[in-house]
1. Would you be so kind as to identify which of PRO476, THR106, GLY488 lies farthest towards the positive end of the dipole of the chain, taking Lys and Arg as +1 and Asp and Glu as -1 on Cβ and the Cα centre as origin?
2. Per 0.36 nm of contour for each residue apart, how much would the distance between ARG253 and ARG153 grow if the chain were fully extended, relative to their Cα-Cα spacing?
3. Ordered by packing density, taken as the mean number of other Cβ atoms within 10 Å over each peptide's residues, highest first, how do 67-76, 347-356, 412-421 rank?
4. Considering every Cα-Cα pair within region 57-212, what fraction, in whole percent, is farther apart than 25 Å?
5. Please identify every one of the trypsin sites (Lys or Arg not before Pro) in region 195-244 that sits in a loop by DSSP and has no more than 15 other beta carbons within 10 Å of its own beta carbon.
6. Once R0 is set to 41 Å, what does the formula 1/(1 + (r/R0)^6) return for the Cβ-Cβ distance between GLU69 and LYS263, expressed as a FRET efficiency to the nearest 0.05?
7. Determine the distance separating the Cα centre of region 327-400 from the Cα centre of region 111-160; give it in Å without decimals.
8. Which GluC sites (Glu not before Pro) in region 175-264 pass both tests, a DSSP loop state and at most 13 other beta-carbon atoms within 10 Å?
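The values are calculated or read from the model by the stated rules, or taken from the named source; none is laboratory data. Only a predicted model underlies this, so the values are computations on that prediction, with no experimental measurement involved. Here the Cβ is made from the backbone with ideal geometry for all residues, glycine too, and neighbour counts use every protein chain on show. Quick note on the areas: whole protein, heavy atoms, side chains included, nothing else; ligands and nucleic acids left out. Shrake-Rupley method; radii C 1.70, N 1.55, O 1.52, S 1.80 Å.
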Amino acid sequence: MGAGIAQLACLAGARTLLHDPVPEALQRGLERIPADLERGAARGRWSGEEAAAAAARLEPADDLGALAECRLVIEAAPESLELKHELFATLSREVVGPGCVLASNTSSIPITAIARAAERPERVVGMHFFNPAPLMRLVEVIAGVESSEPALRVARATGEAMGRHVIDAADVPGFLVNRCNRPFGLEALKLVQERIATVEAVDRICRMAGGFRMGPFELQDLVGIDTGFEVSKSFYELGFGEPRWRPSPLTARMVAAGHLGRKTGRGWYSYAQEPYRPEDPAPPDPIRPARGDGRLVVVAGDLVVAQEAEGEVPWLAVDCGADPDDVPLQGGPLLVLCAEGSLHQLDPAGGAAGFHALPPLEGTRLAELTRGPETTSAASERGEAFFAALGRHVEWVGDAPGLVLGRIVCQVINESAFAVGEGIGSEADVDAGMVLGLNHPRGPLAWADAIGLDHVLAVLDGLYDELREERYRAAPLLRRLVNHGRLGEPTGAGFHEH
């Protein structure tokens, strides 16, 4: 990470000093940066002349004393508060001048706690880059309790000079982006724990229905399951037992077994052979209207998904929150949207199959279906045929409000709404941060506006009513927007104006 940040500084035109207390590590960094600059030039990211000029700005700093003239020092040391205290105390008291800004790239330690060791805590800020720093176009600037505005301006200007999108975040666990993303992994673990879906199915649904580049379990294996577990425990401790951030016993079990992910050859997946999973299938060819044999699908309901789910497949009624007494939905096989409740709650008489989908549906390659003991074979078969006609594969999962993707995404939206409501960051910064920092397919609050905030709230309230767990309580900001009729794109305003 330190070498990646140094590369950005070189490209920004700054004289850049690279220090590592381990000589071998310093040498590796000094060799890696020019090589990466050359590779970037070969790929057309910048010219050969720019790469050479940037490399010429890189200098080794064999000891901390070489940093005496620096106006900004960015620390990317291991995540140890004791180590950072020692480093910041030495830099501020013995090395740099009073005008130097000391920035930490920490992802988990409060900036206020780090600044306590500095002689001038008002000159300490957070600059959280995302890995790999040369590729991820985001940096969070974090203000500690005593961080001064001039110091923050230096950090923001530096991030912008490096070509990064700069967002402001409060000094709370995970800052802004990592906090908002907590449910992506934790809710996936809860789904597997409740046997709603397998690890492989959760990941496949997130990729094919949600547009994520990697599923949550693939990502945990890549980062390291032990690393993620330590972060989870830190969040839970710093949040004083916040139920939304409770670590998963499944993760604890994997760590105890030594199955830590790619680095040990086994985690949620086995990496003894590559590829570790099969390629996702291409979408099936949609059935053309001419092949519908004149049959009709009735799609009823007020949610946005009802407006996007019409197709030319027959003998099926699709209930997207319609009045149960509506005549078109009486008789025949029924497919019920599982948003405000589970299938067994919404269809107590049995017979129907359930589904859930999140707008926008265009570009999705998979639909989730569920069934109960009384679901008829006609409802199951025609539900599959309906989505096959729309060019979607089908994944059968267990019964729950929101099924898999809806539950994960609505929880990410909810955490983001908590963050905005608590002043941790703005709506625009949340959306930019999740896309640019974590490669999400879209910002969660913009996604909420596309889904419809009433739909999101229905899933969360359905989960809370069924499971009675505090982790599913809706953020006050989300409920307030719905109560005020700001439902997102359908009403022209939600988290954003449309």
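1. THR106
2. Between ARG253 and ARG153, full extension yields 31.6 nm more.
3. Ranking the peptides 67-76, 347-356, 412-421 by packing returns 412-421, 347-356, 67-76.
4. In whole percent, the share of Cα-Cα pairs in region 57-212 beyond 25 Å is 39.
5. In loop regions of region 195-244 (DSSP not H, G, I, E or B), the sparsely surrounded trypsin sites (Lys or Arg not before Pro) are ARG195, ARG213.
6. So, using R0 = 41 Å, E works out to roughly 0.60.
7. Between the Cα centres of region 327-400 and region 111-160 lies a distance of 48 Å.
8. Answer by residue number: GLU194.
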